[in-house]
Amino acid sequence: MTASLLAPLDPAQPDTPGPRTGRDWTVDGVGFLLAAALGILFLSPARNDTVVPMTTREIVIDVTCGALACLSLWWRRRWPLGVAVVCLVLGAFSISATAAGLLALTSLAVHRSLRPVSLAAALWIASALTFAVYSPTTDPLSVVLVATPLVLAAIAWGMFVRARRQLLFTLRERALRAEAEQRLHADTARMAERTLIAREMHDVLGHRISLMALHAGGLEVQPDLPPHVRETAELLRLTARQALEELRGVIGVLREAPGRESPPAAPQPSLSDIPRLIEETRRAGAKIEFAMQVDDPNTAPTSLGRDAYRIVQESLTNIGKHARGTAGRVDVTGAADRGLHVSVRNRLPVHPTAGPTLPGSGTGLLGLQERVALAGGTLVHGPDGSGDFVVNAELPW
């Protein structure tokens, strides 16, 4: 879209002929009726002239040429020069074609440059002189005195309309260019900010998580370690490795740019991965009860499984941060025709948590609400009357 907006345009041809709109039909209809009415008005004095009356043959020729000239106005948008020439030829034998010829000349001045308009004006005067010679009701001097101001007025009006259209076209084209440039500037700034965030995440988080994995791996291979310590070290190493893989996927998304091949996405969690998440949390020392009643979780949509996994993951993380040592319960139930219900509850701690606490940003539940809202579901969280903190989510399936 930006390329089309920035493409060079020719202001000399602001209106390329296209399908006739309702407004075009109305304007052309009014122009046809106006040309016919003025043609009859121009013909009436000559037909009723008592000094040199027009013969029946001359009236028939005049009316026929005038009708053809009015009819040709229907094609003045697509072939303005051709219609103007046709009206000039017909006007040489018909005074009732005068109004149609002036309208054709105005349309020519609107749609074409000055050179064909000047040529048509000169031919128009020649056509009027030809009519003066052909018609016994007038003389060349009178025709020139009457025709010249009409021709100049028609051309002036057409050039005014043309100049106004070109001005509006130029202003619109400048506005589109400014909008495209603003959008390009915003995209560039956004991409630069995303690249900066990705770089900081890679340099800071990647380094810290890699160190954690190395230390956990070194602790794991130490001899004479108690089994539970070795198991904890293995869990730390596996968790750090998984965190690095997920971090790499997030950084790839942040660095993704238009026209660039996207990096391979990290595997996304699904409903089938929730039991593994519960087991990892239990291995870390948490007391979590788990029940999952889902009809064939492998058939669940990818986005649904990812959202449910993130809800459980964030809820368990909050339990570890703010209610360490309390028991929790996770329930996941649903089917394809009933939706998916995710419930995570834990007892509120009675005493402050002993030992160091993990830092929190306070945006975890807010992020869950945004995620569920985008999926078209509902999320409710907070303490209930039984002394538990509950996170309930309803997701469409």
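The values are calculated or read from the model by the stated rules, or taken from the named source; none is laboratory data. All figures in this text were calculated on a predicted structure; none of them were measured in a lab. Every residue, glycine as well, gets a Cβ built from its backbone with ideal geometry; the counts of neighbours run over all protein chains shown. Side chains are part of the model used for accessible areas, which takes the heavy atoms of the whole protein and leaves out ligands, DNA and RNA. Shrake-Rupley method; radii C 1.70, N 1.55, O 1.52, S 1.80 Å.
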- Query: Within region 98-119, is there a residue that is touching a residue at least 12 places away in the same chain (Cβ under 8 Å), touching a His at 6+ places or on another chain (Cβ under 6 Å) and under 17 Å from G158 (Cα atoms)?
  - Reply: no
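Just to be sure I understand, how many residues within region 100-138 are within 46 Å of the chain's Cα centre (by Cα) and either open to solvent by 20 Å² or more (accessible area, probe 1.4 Å) or among the aliphatic types (A, V, I, L, M) (or both)?
Final tally of qualifying residues: 18.
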- Members of region 278-297 found to be closer than 27 Å to L244 by Cβ and either in contact (Cβ under 8 Å) with a residue 40 or more places away in the chain or out of contact with any strand residue (DSSP E or B) (no Cβ under 9 Å at 6 or more places or on another chain) (or both), listed by number: I278, E280, R283, A284, G285, A286, I288, F290
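Is at least one residue of region 311-329 charged (D, E, K, R), closer than 18 Å to N392 by Cβ, open to solvent by 30 Å² or more (accessible area, probe 1.4 Å) and in contact with an Asp or Glu (Cβ under 9 Å, 6 or more places away or on another chain)?
Scanning region 311-329 turns up at least one residue that is charged (D, E, K, R), closer than 18 Å to N392 by Cβ, open to solvent by 30 Å² or more (accessible area, probe 1.4 Å) and in contact with an Asp or Glu (Cβ under 9 Å, 6 or more places away or on another chain).
Residues checked against (1) over 18 Å from R310 (Cβ atoms); (2) modelled with pLDDT under 80:
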| site | (1), (2) |
| --- | --- |
| E245 | no, yes |
| A257 | yes, yes |
| P269 | no, no |
| I274 | no, no |
- Query: Are any of the residues in region 194-202 within 23 Å of the chain's Cα centre (by Cα) and either modelled with pLDDT under 75 or open to solvent by 70 Å² or more (accessible area, probe 1.4 Å) (or both)?
  - Reply: yes
- Considering each of T281, T363, T378 in turn, give the residue that is modelled with pLDDT of 85 or more and surrounded by fewer than 17 Cβ atoms within 10 Å (Cβ to Cβ). T378
- Query: With S72, S96 as the choices, which residue is surrounded by 15 or more Cβ atoms within 10 Å (Cβ to Cβ), outside any helix (DSSP H, G or I) and polar (S, T, N, Q)?
  - Reply: S96
- Task: Would you be able to say whether some residue in region 311-323 is in a helix (DSSP H, G or I), within 17 Å of V380 (Cα to Cα) and within 35 Å of the chain's Cα centre (by Cα)?
- Result: yes
- Message: Could you tell me how many of the residues in region 286-300 are open to solvent by 60 Å² or more (accessible area, probe 1.4 Å) and modelled with pLDDT under 90?
- Response: 5
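Rundown of residues vs (1) modelled with pLDDT of 85 or more; (2) assigned to a helix (DSSP H, G or I); (3) among the aromatic types (F, W, Y); (4) touching a helix residue (DSSP H, G or I) at 6+ places or on another chain (Cβ under 9 Å), yes/no style:
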residue	(1), (2), (3), (4)
A100	yes, yes, no, yes
A109	yes, yes, no, yes
A120	yes, yes, no, yes
A128	no, yes, no, yes
P136	no, no, no, yes
A147	no, yes, no, yes
V151	yes, yes, no, yes
- Note on the structure: Scanning region 144-167 residue by residue, the ones that are more than 18 Å from A120 (Cα to Cα), in contact (Cβ under 8 Å) with a residue 12 or more places away in the chain and open to solvent by 60 Å² or more (accessible area, probe 1.4 Å) total 1
